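Heads up, the thing below is written out as structure tokens.
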There are 2 protein chains.
Amino acid sequence: MKTFGLGLIGCGVVGGGVVRHLERNLDLITERCGARTEIRRVAVRDISKVRGVPSDRLTTKWLEVVHDPQVDIVIELMGGTTIALEVAKAAVQAGKPLITANKALLAESGEELFHLAQTKGVPIYFEASVAGGIPIVRALREGLCANHILSLHGIINGTCNYILTRMSEEGLGFEEVLKEAKDLGYAEADESLDVDGIDAAHKAAILASLAYGFWIRVDQVFVEGIRKIEAIDVQMARRLNYVIKLLATIKSNPGGAVEVRVHPTLVPKQHVLASVNGVFNAVAVEGDVVGQTLFYGRGAGPDATASAVLSDVAEAVLHKQTNGGGRGFVSHNLYGKLITIDEVCTRYYVRLTVKNEPGVLAKVAAIFGFHGIGISSVFQPEDHDGDAVPLVMLLDFAKEASLQKANAEIEALSVVTEPNQVIRVEDFS
Amino acid sequence: MKTFGLGLIGCGVVGGGVVRHLERNLDLITERCGARTEIRRVAVRDISKVRGVPSDRLTTKWLEVVHDPQVDIVIELMGGTTIALEVAKAAVQAGKPLITANKALLAESGEELFHLAQTKGVPIYFEASVAGGIPIVRALREGLCANHILSLHGIINGTCNYILTRMSEEGLGFEEVLKEAKDLGYAEADESLDVDGIDAAHKAAILASLAYGFWIRVDQVFVEGIRKIEAIDVQMARRLNYVIKLLATIKSNPGGAVEVRVHPTLVPKQHVLASVNGVFNAVAVEGDVVGQTLFYGRGAGPDATASAVLSDVAEAVLHKQTNGGGRGFVSHNLYGKLITIDEVCTRYYVRLTVKNEPGVLAKVAAIFGFHGIGISSVFQPEDHDGDAVPLVMLLDFAKEASLQKANAEIEALSVVTEPNQVIRVEDFS
């Protein structure tokens, strides 16, 4: 099995995440790539701050990383648009696949970079540049490649979505929530990149370029931030059955012209995007063949970004080593086991039909208690007729086998007149 | 530019969609693949029923398609598990990449087929086999490849989701809604494959196998259908702040064992999956690096399935023609145009702050009317203090330029005491 060398430029919060998760999931990634990967050189400003990388692999000179013959793939995670552009061009010039999470770099210099990459026949991967936790770059480039994109709507700034969600949930004002977001680390000390829509505009430019196949510059994107939203607007929107989101809207008209804009937008409450809350991101894409689709996940943070960077590492490795990238079903767990339904542990909704007489609840509760199953909620609606009444319970986590035993015993009670209705509850916890 | 020949086995509803959409979006697909594709041979039971394919390319013998030297890629869309298995094996034996939408085939014979494919070094693509409108196979295999999958929750049967959605929205009973679904074509005459959970179990087996890297058979999946759900359950669930969905639940425990089950499940109302309504599908995936993600789209139908099949065609073409599948930014629209914000046409929410005196609404409405902007809703809350009162309007579609002109004139009115609050409305229509 071959080993490919990775070179990192920048090893701050995101770079640290890449180092940590690559080490942690190395076996998995190796099996899925069909090749080993190793971080062989890392360039940083301050060597003393890096963890998880042997010190003899550290340097303060990025050129050493790019030109190290042991480095096959270059990963640019330094941010900024000046030196980062030099790094990116040097890697491509050296014939080394480039992975970048730098949305500002691509939104400003994408056209130049991809032109160079095409000339040199070197791939550039950038899944992490837009919504790291959502594989939207791949979705547009591959999964939806047979589609003309009719529209794309994105909640692509987690800070703004957090602020608007809090304003909506708590009825608070913008300034108040902004302060809270800063205290919690969801907003930067200088909040303007986020709340004025600039970060979202960078991402919108990249998504629009991908969707429509020509480069759209950030200065061509209409931007309005969320500072102007007041508590009363959130409240009025709700009364009208809408929620307010900072939305990136990208659309093409029948003539093929494209609009790209980022601004606060009322979204109908019943639309899936309206339930995208907190720091989460989502991108809804409508294709002329596939219809409506939506992709949801974390937008930022070292973990989500590392997931995207590492998926690009896998693709770059595939590019380096195969003659066509055959990527059928790759087995990586030959000793997998299955849990049977009996062993499943979940919560339950149980609806009993019982005789309307005293002591019923005690009998039922005793049986659940005997089997170690807790009852978290009991509910008996008042509107019923006849002798039999419904009794609804939400149970705590229990093994299916225990639940089934308890259920059988309860059904055998003379006060229970019909089979119990049992439905499993999923809390996604 | 090279041309690759496609051979179709089966050309019913799904095959017809593939033929139609490939023809319609051929330029786009050609540019994105960097190669031409052509349907060169089609095997069907009844030649007279096929449209869109020249008759000299039709045959009733599938072996002729597989062994035609003009056919480079075989697409199996016939369904069933007996002859389809022969077709799949013959294609792989012949060294031709296989594309299939056949979930039953993979769920029953996947292990055998992929073993053969691995031996022969021939790829099998199956994006269309699970939720055609959601590129979930790619997401698991590529976008999330650096992740151990902690859990996967899927609404993966559109018929069941339609029925449960209608029961929830209208308070109707199962039998009543099933009849309606049949009348509308959302359920088959024999509904059991869908409502008894068998179709979802096939898909769950494939997703679980992909997520955990070992083959899980359908008979290892716990299945419970939705026939048992009564109107009262839907109603009680709602009172408890849940909705009932037919959910596929796939999880691994810390020891690496996997559970796979399909059954009606209460989902918290505030979870994104709870807003997945009607015939739509969604798959929520939690990875150990990326955290929570969700993918949403149409599950079935000729269009969504064709989108998935054609994305696999692009991948197969890439496999055939490149030395590593470099797939950077592919330009396919050199003459793209941008719409400026002025030309954008959308709906608006406008909140005015006006003096509390008669005739204000008439003045404002006259200005909007002069600029050809319709008012779809006016709302003036009663609880206000002072002379200035809020006046909220939802406007019909209007060009931004017109809206801005009207807005400026309204702000110049002496009865308007503060700048208007203007927010765009997105109805996703």
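The values are calculated or read from the model by the stated rules, or taken from the named source; none is laboratory data. Note that this is a predicted model, so its numbers are computed, not measured. We place every Cβ from the backbone using ideal geometry, glycine too, and count neighbours over all the protein chains shown.
Figures for the structure shown
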| quantity | calculated |
| --- | --- |
| Count - residues of region B:225-240 that are of a type in the set (D, E, K, R), crowded, with 19+ Cβ neighbours inside 10 Å and more than 7 Å from chain A (Cβ to nearest Cβ) | 0 |
| Flag for B:Thr100 being crowded, with 24+ Cβ neighbours inside 10 Å, within 13 Å of chain A (Cβ to nearest Cβ) and over 23 Å from B:Ile232 (Cβ atoms) | yes |
| Which listed residue, of B:Val92, B:Val71, is assigned by TED's automatic domain parsing to the domain that holds B:Glu38, β-branched (Val, Ile, Thr) and more than 18 Å from B:Leu310 (Cα to Cα) | B:Val92 |
| Filtered residue count, region B:9-36, keeping only those that are among the β-branched types (Val, Ile, Thr), at pLDDT 95 or above and in contact with a helix residue (DSSP H, G or I) (Cβ under 6 Å, 6 or more places away or on another chain) | 2 |
| Filtered residue count, region B:349-364, keeping only those that are surrounded by 19 or more Cβ atoms within 10 Å (Cβ to Cβ), more than 9 Å from every other protein chain (Cβ to nearest Cβ) and not in a helix (DSSP H, G or I) | 3 |
| Qualifying positions in region A:267-321 - of a type in the set (Ser, Thr, Tyr) and not in a helix (DSSP H, G or I) | A:Thr293, A:Tyr296 |
| Residue among B:Ala131, B:Ala88 that is touching a residue at least 12 places away in the same chain (Cβ under 8 Å) and more than 12 Å from chain A (Cβ to nearest Cβ) | B:Ala88 |
| Given (1) more than 21 Å from the chain's Cα centre (by Cα); (2) in a strand (DSSP E or B), number of the condition B:Ile250 does not satisfy | (1) |
| A:Glu86 being more than 22 Å from A:Ala208 (Cα to Cα), charged (D, E, K, R) and surrounded by 23 or more Cβ atoms within 10 Å (Cβ to Cβ) | no |
| From the options A:Leu58, A:Leu8, residue that is buried (at least 23 other Cβ atoms within 10 Å of the Cβ), out of contact with any Lys or Arg (no Cβ under 7 Å at 6 or more places or on another chain) and assigned by TED's automatic domain parsing to the domain that holds A:Glu315 | A:Leu8 |
| From the options A:Gly197, A:Gly185, residue that is over 29 Å from A:Val313 (Cβ atoms), over 18 Å from the mean Cα position of the chain (by Cα) and either at pLDDT 95 or above or among the small types (Gly, Ala, Ser) (or both) | A:Gly197 |
| The lone exception for A:Ile244 - which of (1) assigned to a helix (DSSP H, G or I); (2) touching a strand residue (DSSP E or B) at 6+ places or on another chain (Cβ under 8 Å) it fails | (1) |
| Residue satisfying condition, being crowded, with 24+ Cβ neighbours inside 10 Å, of a type in the set (A, V, I, L, M, F, W, C) and either in a helix (DSSP H, G or I) or in the same structural domain as B:Met78 (by TED's automatic domain parsing) (or both), within set B:Leu116, B:Leu105 | B:Leu105 |
| Selection count, region B:241-276, where residues are within 9 Å of chain A (Cβ to nearest Cβ) and either touching an Asp or Glu at 6+ places or on another chain (Cβ under 7 Å) or buried (at least 19 other Cβ atoms within 10 Å of the Cβ) (or both) | 23 |
| Positions within region A:119-140 being part of a loop (DSSP other than H, G, I, E, B) and modelled with pLDDT under 90, in sequence order | A:Gly121, A:Val122, A:Pro123 |
| Matching residues, region A:395-419, being touching a Ser or Thr at 6+ places or on another chain (Cβ under 9 Å) and crowded, with 18+ Cβ neighbours inside 10 Å | A:Leu395, A:Ala398, A:Glu400, A:Leu403, A:Val416 |
| Residue match in region B:83-90 (condition: closer than 23 Å to B:Ile216 by Cβ and at pLDDT below 95) | no |
| Residue satisfying condition, being surrounded by fewer than 24 Cβ atoms within 10 Å (Cβ to Cβ) and acidic (Asp, Glu), within set A:Glu76, A:Glu23 | A:Glu23 |
| Hey, A:Val50 in contact with a Cys (Cβ under 8 Å, 6 or more places away or on another chain), more than 19 Å from B:Val289 (Cα to Cα) and among the β-branched types (Val, Ile, Thr) or not | yes |
| All positions within region B:277-287 that are under 22 Å from A:Val309 (Cα atoms) and more than 7 Å from every other protein chain (Cβ to nearest Cβ) | B:Ala284, B:Val285, B:Glu286 |
| Answer from A:Asn281, A:Asn277, A:Asn333 - the residue that is in contact with a Gly (Cβ under 6 Å, 6 or more places away or on another chain) and at pLDDT 90 or above | A:Asn281 |
